[in-house]
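Values quoted throughout were computed directly from the atomic coordinates according to the rules given, and no laboratory measurement underlies them. Model, not experiment: these values are computed from the prediction. Neighbour counts are summed over all protein chains in view; Cβ atoms, including those assigned to glycine, are modelled from backbone coordinates with ideal geometry.
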Amino acid sequence: NPCAAFSSFATTKKVSMVFRKLPGVSASGMGLRLSQKFVFLLFLSGLVTLCFGALFFLPDSVRLKRIFLSKTEIQPVTRPKEQGMTSAKGETGTKGKSLSRKPSVSHEATEERLAGGKAQEDLTLSRSKTESASERATSSDRGANSDTFSYQKFRGCLLKAPLGRDNGKPGDPQTNERREKVKEMMKFAWDNYKRYAWGKNELRPLTRNGHIGNMFGGLRGASIIDSLDTLYIMGLMEEYNDAKEWVQTNLDLNSNGEASLFEVNIRYVGGLLSAYYLTGEELFKNKAMELGEKLLPAFNTPTGIPRGVINLGSGTIWSWGWASAGSSILAEFGTLHLEFVHLTELSNNPVYTEKVMNIRKLLNKIEKPHGLYPNFLSPVSGNWVQHHVSIGGLGDSFYEYLIKSYLMSDKTDDDAKRMYYGALEAIEANLVQKSPGGLTYMAEWRGGILDHKMGHLACFSGGMIGIGADDGAPEKRQHYLDLAAEITHTCHESYTRSATKLGPEAFRFDGGAEATATRLSDRYYILRPEVIESYMYMWRLTHDPKYREWGWEAVEALEQHCRVESGFSGIRDVYTMTVSHDNMQQSFFLSETLKYLYLLFSDDDLLPLEDWVFNTEAHPLPIIRKSCLQDETTQDKTVSK
């Protein structure tokens, strides 16, 4: 056909002219025969088909699928989105919040409280208006794959309702009146923080402004995160609502600065985890997992022992300047286990548990002097740097997390059990002393020489030994309970022997002194919780009324000496009635001191110890019942209830 031949020639000529204009391309290179073009197109189409098809056969193609598939098609593998939430952009604090969100949050945060008994009257109406957060978590559970954490299954594995039959309200009128007083103290502390320091880390009540500090690497709102669970269990729902909204709109985890791995973990990660487990709000879970991921670079050392300081933005890590020879601190790298195990539970990512188990492996491998764990360890060599042993600062919560890891594992973590009772045996043999006046205390050990002082921080050990008493050797159970009571009594004496009836930072047992601070630098009290913490545990274990009386003594002392016009403040000298305030309302006062007091005056079914362990910042974390969580019928049984 002459026309077709001419047309083909003209087209080829045009293509040749076009490509001649492109640099580096010759027309002769385009002179492909028809059969060659066919083979080339066939090869190209096969390559494209192969590339697109591979998206659906990769081991983890979720992110790639999101590029090509609609959101509805991939809904089951995405995290459930918070209902009623808006973008943080353009919103600031609480001033611009939507009033319509209040009833929703009030209901969401308190619906679960109805499970164990009646709700507070003033909150019932708002709860009935909308779907609860835990119900939303339940509905999202049903559409999730088997690898995602099921909040409903978790709830079904609890032995009791978290907040008890009647929110832990005691039957005795006097005890209830005291509990209400503690609640009022919390509201007073919170209201002043919100008024003068909102969004900052802590309140300075004398100067009525906020404090940021340098422990949290640019993170803000430490008092808010630390208060979430306290506000919730006390039924302060409007305040909880405000705290939750701040987390939603203002908690920025993309910060740069010098952050303490330890403090960020126990306060922020612990506080967010606790808030999630109590309320079912996905917001808290997602924030906790995001922050947990930012802490992982701290473990990038030759031994896997994390360094104490991390830049949350860059992942750069280093040791504290004051730590001997660039060492890591026992109480810091040893106080990650509870939170990191829960991060693995929620994310289904084993890396968190692997990191803390690696710490265990190294500690089991190295030699321990007299069975004791010194406070300083090199993250480079994996060897002890100094032979200084303390159950107080630098060492304290390492031992606490051993027994609590065992309890949190539903008593399946035999390694933690063995390490804890082995350490306790060494502590009794080397550190536990009896004063001439009959007071039992825990001295510090410096290369074989005893320093006869006990820090306020070490007073947590009464409660620790108490909760571990039942799981020790049968013949030693009563002995451990007696030891716990003796140490708690000694710590109470450190309070009663001061003019203010508040305890000093450290007290000594030498030079004729007993349970008294002999150095001016040890006389201060910064609203610490450890003594009250032991009162709470000993009350739960023995129901001896003296522990509630001792707790009330502490309340009266706090009110008289630490309460100021705009909050609560620590004092510089517990031995003088003319108090000098330090102008700091610590976030742990809201998280620990007031929470433990509230629990002390509540019934035992408020956060029952059968279901919960408290991290070292008093954030309750649930016992992990693996067999129950893996039981396919658990969720169905729970829903049917």
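Restricting the range 365-416 to trypsin sites (Lys or Arg not before Pro) that sit in a DSSP loop and have at most 14 other Cβ atoms within 10 Å of their own Cβ leaves Lys411. Shown is the FRET efficiency for Glu556 and Lys434, computed with R0 = 35 Å from the Cβ-Cβ distance and rounded to the nearest 0.05: 0.70.
At R0 = 22 Å, how high is the FRET efficiency between Leu629 and Asn364 if r is their beta carbon distance? Nearest 0.05 is fine.
The formula returns an efficiency of 0.20 here.
Model label points for Glu549 and Glu177, set 7 angstrom from Cα along the Cα-to-Cβ axis, are 1.7 nm apart.
Between Ser381 and Asn214, the modelled labels are 2.9 nm apart [label points 7 Å from Cα along Cα→Cβ].
Remark: the range 417-422, residue by residue, has Karplus-estimated 3J(HN,Hα) of 4, 4, 5, 5, 5, x Hz, where x stands for each Gly or Pro and the curve is 6.51 cos²θ - 1.76 cosθ + 1.60 at θ = phi - 60°. Here's how it looks for Val385: its modeled amide H is under 5 Å from those of Phe376, Leu377, Ser378, which are all 5 or more places away or on a different chain. What the phi angles of the range 259-264 give under the Karplus curve with 6.51, -1.76 and 1.60, with θ = phi - 60°, is a coupling list of 10, 7, 3, 4, 5, 5 Hz, glycine and proline written as x. Cross-link partners of Lys361 among aspartates and glutamates, defined as those whose alpha carbon lies under 12 angstrom from its own and excluding same-chain residues fewer than eight positions apart: Asp415. Across the cross-link table entries Lys153/Lys404; Lys368/Lys404; Lys153/Lys187; Lys160/Lys294; Lys365/Lys411, which are compared at the Cα atoms, the separations over 28 Å belong to Lys153/Lys187; Lys160/Lys294.
In the range 158-624, taking the dipole from charged Cβ atoms about the Cα centre, the farthest positive-side position among Val432, Ser319, Ile233 is held by Ser319. Find, among the GluC sites (Glu not before Pro) in the range 561-622, those assigned to loop by DSSP (not H, G, I, E, B) with at most 15 other beta-carbon atoms within 10 angstrom. Taking the range 561-622 and a limit of 15 other Cβ atoms within 10 Å, the loop GluC sites (Glu not before Pro) found are Glu565, Glu610.
Quick check: from the Cα gyration tensor, does the range 551-595 come out rounded (a/c under 1.5), prolate or oblate? Here the range 551-595 falls in the oblate category. Listed by chain and number, the aspartates and glutamates whose C-alpha is less than 18 Å from the C-alpha of Lys200, apart from same-chain residues fewer than 8 away, are Glu91, Asp191, Asp226, Glu239, Asp242, Glu245, Asp252, Glu258, Glu263, Asp582. Does a label point 7 Å from the Cα of Arg563, set along Cα-to-beta-carbon, have any residues of the range 186-221 with amide nitrogen under 17 Å, and which are they? Hits in the range 186-221 for Arg563 at 17 Å: 186-193, 205-206.
Of the GluC sites (Glu not before Pro) found in the range 345-437, the ones in coil according to DSSP and having at most 10 other Cβ atoms within 10 Å of their Cβ are Glu367.
Database remark: amide H of Phe614 closer than 5 angstrom to the amide H of Leu621 (H placed geometrically; neighbours at sequence offset of 5 or more, or on other chains; Pro and chain starts carry no H). A simple spin-label model places the labels of Ser45 and Met357 5.2 nm from each other, with each point 7 Å out along Cα-to-Cβ.
The count of lysine pairs in the range 490-641 with alpha-carbon distances below 30 Å, taking only pairs 8 or more places apart or on different chains, stands at 6.
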